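Novice: For reference, the structure I am asking about is given below.
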Amino acid sequence: MGKKLYVGNLSYTVDSNQLSDLFSQVGSVDSANVITDRETGRSKGFGFVEMSEDSAALAVIEKFNGSDLEGRSLKISEAKPQESRSGGSNRHGGGFGSRRY
């Protein structure tokens, strides 16, 4: 079973393919995804990589955490489970419920 890694402090020019190519030097990459802004399409400076093997994921952290990629020092760690977002009240207004027609 593989492991999902968080990759932070990415240069805004790094794309998912570059991340996959880099990590595949250590082991088999199942997926690589640089997170982008929904409106602008610009990188948010972080991403996630899924490695096929736990041992490869640990090797990636050991080899690349703190290393330089396009002038930025990579921050790599095991990804934490995504917290659920509550669809609770919108205290600041601006939601669909606050529109007046």
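The values are calculated or read from the model by the stated rules, or taken from the named source; none is laboratory data. As the structure is a computational prediction, the values presented were derived from the model and not from experiment. A quick note on method: Cβ atoms are made from the backbone with ideal geometry, for glycine too, and the neighbour counts reach across all protein chains shown.
Novice: Being at pLDDT 95 or above and part of a strand (DSSP E or B), is that true of even one residue in the stretch 14-26?
Specialist: No, there is no match, as no residue in the stretch 14-26 is at pLDDT 95 or above and part of a strand (DSSP E or B).
Novice: Let me confirm something: among S43, S24, which residue is in contact (Cβ under 8 Å) with a residue 12 or more places away in the chain and hydroxyl-bearing (S, T, Y)?
Specialist: Exactly one of S43, S24 is in contact (Cβ under 8 Å) with a residue 12 or more places away in the chain and hydroxyl-bearing (S, T, Y), namely S43.
Novice: When you go through E39, E62 one by one, which is the residue that is modelled with pLDDT of 95 or more and more than 16 Å from V7 (Cβ to Cβ)?
Specialist: Testing whether each residue is modelled with pLDDT of 95 or more and more than 16 Å from V7 (Cβ to Cβ) leaves just E39.
Novice: Please count how many residues of the stretch 46-87 are part of a loop (DSSP other than H, G, I, E, B), surrounded by 14 or more Cβ atoms within 10 Å (Cβ to Cβ) and free of Cβ contacts under 8 Å to residues at least 40 places away in the same chain.
Specialist: The qualifying residues number 1.
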